[in-house]
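Only the coordinates and a few stated rules stand behind these numbers; no lab work does. Please read these numbers as outputs of a predicted model, since none were measured by experiment. Don't worry about glycine lacking a Cβ; one is built from the backbone with ideal geometry, like all the others, and counts go over all protein chains shown.
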Amino acid sequence: MSSIPIERFEERYALDPDPWGFSWRWYEARKYAMTLAALPQRRYPRAFEPGCSIGVLTVELAARCDHLLAADGVESALEQARRRVAGRPNVEVAKLLLPEEWPDGPWDLVVLSEIAYYFDTSDLDRLLDRAAETMVAGATLVAVHWRGETDYPLTGDAVHRAIGGHRAFDHRGGYCETLFRLDVFDRLPR
């Protein structure tokens, strides 16, 4: 199995500017509210949201962060995200291809919202290693993923098991239901 090529995402956005219904589906609104409620800190100095897509969750995270880097690999999605966060000087939107272009940080919060199962096991391991390298001790990593059937390289449950098994992260708590799983991890001291 391999990670999904960026061209597949570009094709989806070319057909529909909101291909997963991030801006209108109840599932998404509920998942975002639960993600924000699960954040153990009121505010984070520096946060990273890889796979920000069109920026719906980004807007909500921006209210909780002094600086937020939101990134995606699809320029048309990023254009929408930039419009959504216009006027918020604490948000930077960048085109990055992960895991190769993971930014240096340091990060106090990393939010993996429905992105990590697009990677194969090898790339997910690289992504988690880069996250661990760039997060400060005690930082928060939040992972939330769909649990239903997909044609992605990994399942949401497999992703969460991988994070939970990574030497750098300690499971703080979470929520699991038929539709999605949400877990919060602390970055252990080095």
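What is the percent of Cα-Cα separations in segment 142-190 that go past 18 Å? Result: 29 percent of Cα pairs exceed 18 Å.
Dipole check for segment 6-187: with +1 at the C-beta of Lys and Arg, -1 at the C-beta of Asp and Glu, and the Cα centre as origin, the magnitude is about 800 Debye. Each helix, a run of at least 4 DSSP H residues, gives -39500 (n - 2.57); summed and divided by the residues of the chain, these come to -10500 deg cm²/dmol at 222 nm.
Available extension along the chain between ALA33 and GLU10 is 5.6 nm, counting 0.36 nm per residue and deducting the alpha carbon span.
The label-point distance for THR121 and GLN41, in a model that sets each label 7 Å from Cα toward Cβ, rounds to 3.3 nm.
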